[in-house]
Amino acid sequence: MTLQTASPTARKATPEATARTAGASALEAALRQFAAAADHLGLDDGLRAILRVPQREYTVHFPVRLDDGSIRIFTGYRVQHNVARGPAKGGLRYHPSTDLDDVRALAMWMTWKAALVGVPFGGAKGGVTLDPAKLSSRELEAVTRRFATELEGVIGPDSDIPAPDVGTSAQTMAWIMDTVSMHRGFSVPGVATGKPLSIGGSAGRADATGQGVLYTIADATRRGGFTIEGARVAIQGFGNVGEATARLLHQAGARVVAITDIGGGVHRPDGLDVPLLRRHLQEHGTIAGAPGTRPIDNEELFALDVDVLVLAALEGQITANNAGSVRARILAEAANGPTTPDADPILARNGVVVIPDILCNAGGVVVSYFEWAQNRAALAWRADEVNERLRRQILAAADAVWQRAGSDSISPRLAANAIAVERVAEATRLRGLYP
Ligand code: NAD
């Protein structure tokens with residue numbers, strides 16, 4: 001079926017935007033990547049027009065009383081990009097630069113990610129524009145409970161299921177689950193994933209994204225003719241994803257030589273003591289200044305002579321300006337959208353193999369799916385069962401990506417996006433237009 005509409009090029013995603021925000025750049029990147037996949041697949045104009053815009057967008061402004069007694073208005077977003085393959089699924093971000101464009105981009109990437117790894121979800125993302133470091137735990141709880149209340153008609157186990165992302169945690173998911181449960185009058189564990197284990201979280205979920213990053217890196221090193229053991233690794237970001245990735249790589253025998261976070265960075269050519277960094281972070285709020293290390297900044301970290309560079313912080317880190325300095329053999333996109341479209345050809349020319357984000361960091365959504373399925377069936381799987389299922393699911397997706405890249409002579413990113421867009425397009429076509 002061909003779905004005919006007006007030319008998609010006549011429609012700009014953010015015509016009102018005047019200033020170029022980080023969110024606008026992320027959205028532009030997501031749209032360019034989608035256009036490349038659509039061109040490669042020869043997607044018809046109707047499907048292109050449907051898939052390049054989010055299906056639903058919610059913006060809410062809500063008041064919260066701060067600890068000093070004053071009232072502050074917060075702005076939050078939830079965007080559901082496409083729900084043809086199942087309920088909307090995606091993280092919730094608390095960050096000062098979160099805006100609607102940022103959330104639109106991240107929601108689109110979630111649609112492709114869920115399709116690529118074969119979990120029955122559509123894509124969504126949410127966020128509140130705030131700096132979590134500047135709010136107390138009580139204030140964060142109040143923001144979360146009020147935001148969950150504003151989204152009451154939007155989120156739910158059958159409709160849209162949030163999970164942790166930048167600036168949010170298992171505790172945030174516990175507050176969301178409790179708020180919705182209080183309103184309904186009974187426990188609704190399936191309304192959020194990434195919850196603490198004691199209230200329906202899944203074994204293995206806390207480390208799942210990092211575990212998936214590890215599996216995809218191990219797979220890529222094997223294909224490149226070397227192993228993780230002894231490989232030198234540099235990592236940007238030491239949060240939910242970066243910390244787990246660093247710890248798991250360290251345990252697997254890699255030499256993690258440098259890590260940066262928002263407060264600075266640490267470098268030790270013989271290999272960092274990752275458990276010590278975790279303790280330093282807990283005590284000082286940053287890894288910077290950890291004993292036995294020398295300082296390093298992001299640009300220096302990106303240019304280190306390492307085997308694997310892991311990006312586990314934010315979007316738009318490797319650009320046309322610094323892509324030429326990357327010397328790693330493998331660039332693992334543990335973050336969403338860390339490489340801009342202009343950087344991709346430079347990396348490819350220099351022989352840097354990119355593990356695309358929608359594959360590399362998909363461990364989180366895969367185990368979120370397991371958590372949701374366990375909640376719905378009232379089951380609790382063991383950690384080893386979860387990790388084995390995750391390993392199989394993510395490596396099957398990796399195989400499909402590398403095979404498609406080879407058969408179509410295209411980059412792994414284009415291959416991943418082509419597989420994902422093809423699946424979402426098929427679901428959208430089969431469901432047809434309503435009415
Ligand atoms: P987080 O808030 O837990 O951690 C972010 C880390 O990045 C922190 O260590 C922070 O200090 C660091 N950081 C921020 N700005 C930086 C800068 N300019 N330079 C260096 N470091 C900087 O967030 P997270 O959940 O680990 O998410 C990281 C990335 O992974 C995001 O792109 C997110 O969308 C993606 N992701 C997260 C999950 C998940 O399960 N949490 C799943 C898939 C993808």
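The values are calculated or read from the model by the stated rules, or taken from the named source; none is laboratory data. This structure is a prediction, so every number in the text was calculated from the model and none was measured. Note: ideal-geometry Cβ built from the backbone for every residue, glycine included; neighbour counts use all protein chains shown. Ligands, DNA and RNA are stripped out before the accessible areas are found, and what is left, the full protein with its side chains, is counted by its heavy atoms. Shrake-Rupley method; radii C 1.70, N 1.55, O 1.52, S 1.80 Å.
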Out of curiosity, is Asp261 open to solvent by 10 Å² or more (accessible area, probe 1.4 Å) and away from the ligand (no atom under 13 Å from the Cβ)? no
Per the filter on the stretch 65-89, residues open to solvent by 20 Å² or more (accessible area, probe 1.4 Å), more than 21 Å from Met110 (Cβ to Cβ) and not small (Gly, Ala, Ser) are Arg65, Leu66, Asp67, Asp68, Ile71, Arg72, Ile73
Just for the stretch 326-354: of the residues that are of a type in the set (Asp, Glu) and under 21 Å from Gly406 (Cβ atoms), which one is nearest to the chain's Cα centre (by Cα)? Glu333
Mind listing whichever residues of the stretch 337-353 are more than 12 Å from the ligand (Cβ to nearest atom) and crowded, with 24+ Cβ neighbours inside 10 Å? Ala343
Checking the conditions here, which among Arg104, Arg78, Arg93 is farther than 20 Å from Val191 by Cβ, within 16 Å of the ligand (Cβ to nearest atom) and not assigned by TED's automatic domain parsing to the domain that holds Ala313? Arg104
Applying the selection to the stretch 138-171, what residues are open to solvent by 20 Å² or more (accessible area, probe 1.4 Å) and within 16 Å of the ligand (Cβ to nearest atom)? Leu140, Pro164, Asp165, Val166, Gly167, Ser169, Ala170, Gln171
Of (1) more than 20 Å from Gly167 (Cβ to Cβ); (2) open to solvent by 80 Å² or more (accessible area, probe 1.4 Å), Arg278 fails just (1)
Determine whether Gly46 is modelled with pLDDT of 95 or more, within 28 Å of Ile410 (Cβ to Cβ), not assigned by TED's automatic domain parsing to the domain that holds Val128 and not in a strand (DSSP E or B). yes
Those residues that are crowded, with 22+ Cβ neighbours inside 10 Å, aliphatic (A, V, I, L, M) and touching a Ser or Thr at 6+ places or on another chain (Cβ under 8 Å), I need them from the stretch 314-328; list them, please. Ile318, Ala323
Return yes or no: is Glu371 under 22 Å from the mean Cα position of the chain (by Cα), within 12 Å of the ligand (Cβ to nearest atom) and either not acidic (Asp, Glu) or not in a helix (DSSP H, G or I) (or both)? no
Only residues that are within 16 Å of the ligand (Cβ to nearest atom), out of contact with any strand residue (DSSP E or B) (no Cβ under 7 Å at 6 or more places or on another chain) and open to solvent by 10 Å² or more (accessible area, probe 1.4 Å): list them for the stretch 118-136, please. Asp131, Ala133, Lys134, Leu135
If we ask which residues in the stretch 336-372 are under 30 Å from Leu197 (Cα atoms) and of a type in the set (Ser, Thr, Tyr), their number turns out to be 2
Any residue that is closer than 20 Å to Asn336 by Cβ and touching a Leu at 6+ places or on another chain (Cβ under 8 Å) - is there at least one of those in the stretch 369-392? no
Any chance Glu299 is buried (at least 21 other Cβ atoms within 10 Å of the Cβ) and in contact (Cβ under 8 Å) with a residue 12 or more places away in the chain: no
Report, by residue number, each residue of the stretch 121-134 that is without any contact (Cβ under 8 Å) to a residue 60 or more places away in the chain and over 18 Å from the mean Cα position of the chain (by Cα). Leu130, Asp131, Pro132, Lys134
Consider only pairs whose beta carbons are under 9 Å apart and that are at least six residues apart or on different chains; among these, list those whose first residue lies in the stretch 364-392 and is more than 23 Å from Ala115 (Cβ to Cβ) and whose second residue is in a loop (DSSP other than H, G, I, E, B) and more than 16 Å from the ligand (Cβ to nearest atom). Ala380/Gly200
Somewhere in the stretch 236-249, is a residue open to solvent by 40 Å² or more (accessible area, probe 1.4 Å) and more than 16 Å from the ligand (Cβ to nearest atom)? no
Based on this model, can you work out whether Gly212 counts as within 17 Å of Asn298 (Cβ to Cβ), out of contact with any Phe, Trp or Tyr (no Cβ under 7 Å at 6 or more places or on another chain) and within 14 Å of the ligand (Cβ to nearest atom)? no
